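A short write-up of the structure that comes next.
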Ligand code: TMP
Ligand code: ASP
């Protein structure tokens, strides 16, 4: 990967110049961070699992008509994506109260919400991704009215689809975070889904046992992170036993 021209390194991924103009290679690292990188660690194999989980979800979303940056997975840790200008707004959808909303509003973890709650955060590491209102987005021009309407519509549609997809495999989609980007093609600019969707940016609870199958295992020092991520992939049907061997071999080779 070092031969490629690095464009950007984030907490969990690296972006490299793609083979053609308008394309980027998204590389999934094993680095895990929480609380805006105040807590750091490495989860061996996480990048490989998140790459295939995100590929699976983005492909399924593409199939139902959500425009996304995903083009194809090109290796165990890399996918080819469309270049976008990231909109600096993280969209969080909550179905059940957990995480920051419990702290902020004193709500008991696990309280079901009567309808999906949409929250927006300003994407800024320096400021710790503060929660913002729609009015902030419009006032500071982070997105215009049409973009905001569109990304909110997509986010709710994605929530409906993913809630059903996870419920079918015994997993409750508690909450998740999305990022969108502007894609320029000829003289057209469209809003498309970007980044990744994986257990790093979702809360996923086993419906029967309540067991956490997501990054809260790392945030809260519960252990068993990789077993949980692999369980999600296995239930999604994208980790048949042959692949487990392939992934294990690949990780051994990577050292
Ligand atoms: P929160 O409860 O910490 O606000 O997080 C809500 C959801 O959004 C949770 O599934 C984790 C995800 N998330 C990210 O992926 N990245 C972030 O920077 C934040 C703040 C949340
Ligand atoms: N993604 C953020 C971080 O790495 C927040 C989190 O997921 O807890 O710090």
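The values are calculated or read from the model by the stated rules, or taken from the named source; none is laboratory data. The shown structure was predicted, so the numbers you read here are calculated from the model rather than taken from an experiment. Counting neighbours? That spans all protein chains shown, and the Cβs are built from the backbone with ideal geometry, glycine included.
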Filter pass, residue 197 being more than 16 Å from ligand 2 (Cβ to nearest atom), in contact (Cβ under 8 Å) with a residue 12 or more places away in the chain and within 26 Å of residue 32 (Cβ to Cβ): no
Looking only at segment 24-37, and only at residues there that are under 20 Å from residue 73 (Cβ atoms) and assigned to a loop (DSSP other than H, G, I, E, B), the one that is farthest from ligand 2 (Cβ to nearest atom): 30
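Results for (1) under 21 Å from residue 33 (Cα atoms); (2) more than 20 Å from the chain's Cα centre (by Cα); (3) modelled with pLDDT of 95 or more, shown as yes or no for each residue.
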| residue | (1), (2), (3) |
| --- | --- |
| 202 | yes, no, yes |
| 207 | no, yes, yes |
| 214 | yes, no, yes |
| 220 | yes, no, yes |
| 223 | yes, yes, yes |
| 227 | yes, no, yes |
| 234 | no, no, yes |
| 244 | no, yes, no |
Subset of segment 200-236 [closer than 22 Å to residue 14 by Cβ and touching a residue at least 60 places away in the same chain (Cβ under 8 Å)]: 200, 215, 218, 225, 226, 229, 233
Answer residue from segment 176-221, given it is near ligand 1 (Cβ under 9 Å from one of its atoms) and part of a helix (DSSP H, G or I) and is farthest from residue 95 (Cα to Cα) among those: 219
Residue check, residue 60 more than 22 Å from residue 182 (Cβ to Cβ), touching a residue at least 60 places away in the same chain (Cβ under 8 Å), within 16 Å of ligand 2 (Cβ to nearest atom) and out of contact with any strand residue (DSSP E or B) (no Cβ under 8 Å at 6 or more places or on another chain): no
Any hit, segment 4-23, residues being within 16 Å of ligand 1 (Cβ to nearest atom), touching a strand residue (DSSP E or B) at 6+ places or on another chain (Cβ under 6 Å) and in a helix (DSSP H, G or I): no
Qualifying residue in segment 59-68 (condition: within 16 Å of ligand 1 (Cβ to nearest atom) and under 14 Å from residue 192 (Cβ atoms)): no
Members of segment 159-175 found to be in contact with a helix residue (DSSP H, G or I) (Cβ under 6 Å, 6 or more places away or on another chain) and either within 16 Å of ligand 1 (Cβ to nearest atom) or within 25 Å of residue 104 (Cβ to Cβ) (or both), listed by number: 173
Residue match in segment 38-45 (condition: in contact with a helix residue (DSSP H, G or I) (Cβ under 6 Å, 6 or more places away or on another chain) and either more than 13 Å from ligand 1 (Cβ to nearest atom) or part of a helix (DSSP H, G or I) (or both)): yes
